[in-house]
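Step one of this worksheet: look at the structure below.
Any read-out appearing in this document is the output of simple, stated calculations on the displayed coordinates, not a laboratory observation. This is a predicted model, so every value here is computed, not measured. Here the Cβ is made from the backbone with ideal geometry for all residues, glycine too, and neighbour counts use every protein chain on show.
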Amino acid sequence: RRARAAGNRRLSYRYRPLVPRILELNGADMKIIARLASTLVLIVFATACIADEASSDEADLMVLLGWFLVEVDKAETHDAFWADDLVYTSSDGTRFGKAEIMGGFNESEEPGGPVTNYVAEDVDIRVYGKTAVVAFKLRATRSDHSAVQFYLNTGTFLKRSDTWQAVAWQATKMPPAE
């Protein structure tokens with residue numbers, strides 16, 4: 001009998017691994033365990049949904065920022081990007097709101113001059129539910145390459161009616177690199 005292949009060998013009862021005895025639980029204990037298990041499943045599912053929503057919000061904010069920087073010369077873009085209750089602190093230290101930004105589009109500018117192109121670098125987006133902070137380095141380059149300037153920007157966004165808008169903005173001009 002010992003010559004049988006190991007896979008065909010039957011072990012006697014005394015050599016079988018010990019199988020833990022099933023605890024004798026009453027109905028109330030089983031209900032508690034069932035509730036705990038279902039609560040755990042819900043927590044795991046909710047956490048996954050929240051993480052997925054946060055990453056979706058991060059992607060939405062990244063697209064919004066990119067769109068804003070490409071379409072920055074249009075009043076419609078600013079109207080959609082900035083909240084009506086915006087507090088904007090510019091790189092020169094002046095503070096104003098959305099009305100002043102929108103009023104700047106009514107001023108006539110001479111067309112045909114060099115255009116400034118904007119690119120966001122080192123973007124850091126942090127979502128806190130319906131609030132988000134977006135920090136990045138802004139590279140402003142003139143189309144004739146006559147000037148390149150860098151700014152550190154931090155924007156606070158609120159999600160209202162499923163739409164992200166900036167409610168606070170801080171721009172700091174970086175000194176030229178030596």
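A few notes on this one:
- Listed by chain and number, the lysines placed with their C-alpha closer than 18 angstrom to that of Lys98 are Lys74, Lys159; residues fewer than eight positions away on the same chain are left out.
- In the stretch 80-178, the trypsin sites (Lys or Arg not before Pro) that fall in loop regions by DSSP, at most 13 other Cβ within 10 Å: Lys130
- Dimensions in Å of the stretch 99-176 - Rg and Dmax from alpha carbons: 15.3, 44
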